[in-house]
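The values are calculated or read from the model by the stated rules, or taken from the named source; none is laboratory data. Just so we're clear, the structure is a prediction, and the values are computed from it rather than from any experiment. In this analysis, Cβ positions are derived from the backbone assuming ideal geometry, glycine residues included, and neighbour counts consider all displayed protein chains. Heads up: the accessible areas ignore ligands, DNA and RNA and are worked out on the full protein's heavy atoms, side chains in. Shrake-Rupley method; radii C 1.70, N 1.55, O 1.52, S 1.80 Å.
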Amino acid sequence: MVTTTATVFLSQIVHAASTPVQQWAAAQPNLLEESNKILVRSAIQEIFNEHNITAVDKYIKEDLIQNGTGFPEGREARKQYFGMLFNAFPDLHASIDKMIAEDNLVSVFLSWNGTHKGEFQGMPATNNPITMKTAHIFRIEDGMIAEQWEIFDTLDLLAKTGVISFGQQR
């Protein structure tokens, strides 16, 4: 009886002690993913919506790897691009449609709107409103964006800004 009671008592102590640890360990991936989503959400707000180019230093690693868009790599190249973009579209705003995180990757779908009020891709301002959708995957490393994949509807944006036009065929 003593052995059985002691065994039950010890198993309860071990169970009680290990349950919070197990819960904590199981929650860690979610904490990392939520932290990464907060980082990306903050970067979108400060850089894209507040047009704070100096915030790039806070969120994007110096040696940013840029995949699939033809943009130059690195933080300084992004700052130059954002400067051009915000001059062309001074009221540019991005809204988060969907954000998903897994491990150190954050995927975000954005809806953009603004007005073409400055030169863009060699085209003078048209004062045309623009809207576009983009999809991004960010790889987070050491609390910063280290790598990005990006897809956006360039054709629609270039048409709305008058850089290209589509002839009508009959």
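List of remarks:
- Gain on full stretching of the segment that runs from residue 42 to residue 97 - 0.36 nm per residue minus C-alpha separation: 18.3 nm
- Gain on full stretching of the segment that runs from residue 65 to residue 52 - 0.36 nm per residue minus C-alpha separation: 2.6 nm
- Förster-model FRET efficiency, 22 Å R0, residue 155 and residue 77, C-beta, rounded to 0.05: 0.45
- Taking 0.36 nm per residue of separation and subtracting the Cα-Cα distance, full extension of the segment from residue 32 to residue 121 would add 28.2 nm.
- Overall form of region 106-170 per C-alpha gyration tensor (a/c, 1.5; a/b vs b/c): prolate
- In order along region 137-143, phi translates into HN-Hα couplings of 10, 10, 9, 9, 9, 6, x Hz, rounded to whole numbers, per the Karplus curve 6.51 cos²θ - 1.76 cosθ + 1.60 with θ = phi - 60° and x for Gly and Pro.
- Per residue, region 125-167 exposes an accessible area of 53 Å² to a 1.4 Å probe, with every protein chain left in place.
- Tensor-based shape of region 41-121 (alpha-carbon gyration tensor, a/c under 1.5 rounded, otherwise prolate or oblate): oblate
- Residue pairs exceeding 30 angstrom between C-alpha atoms, taken from 37/117; 79/133; 61/160: 37/117; 61/160.
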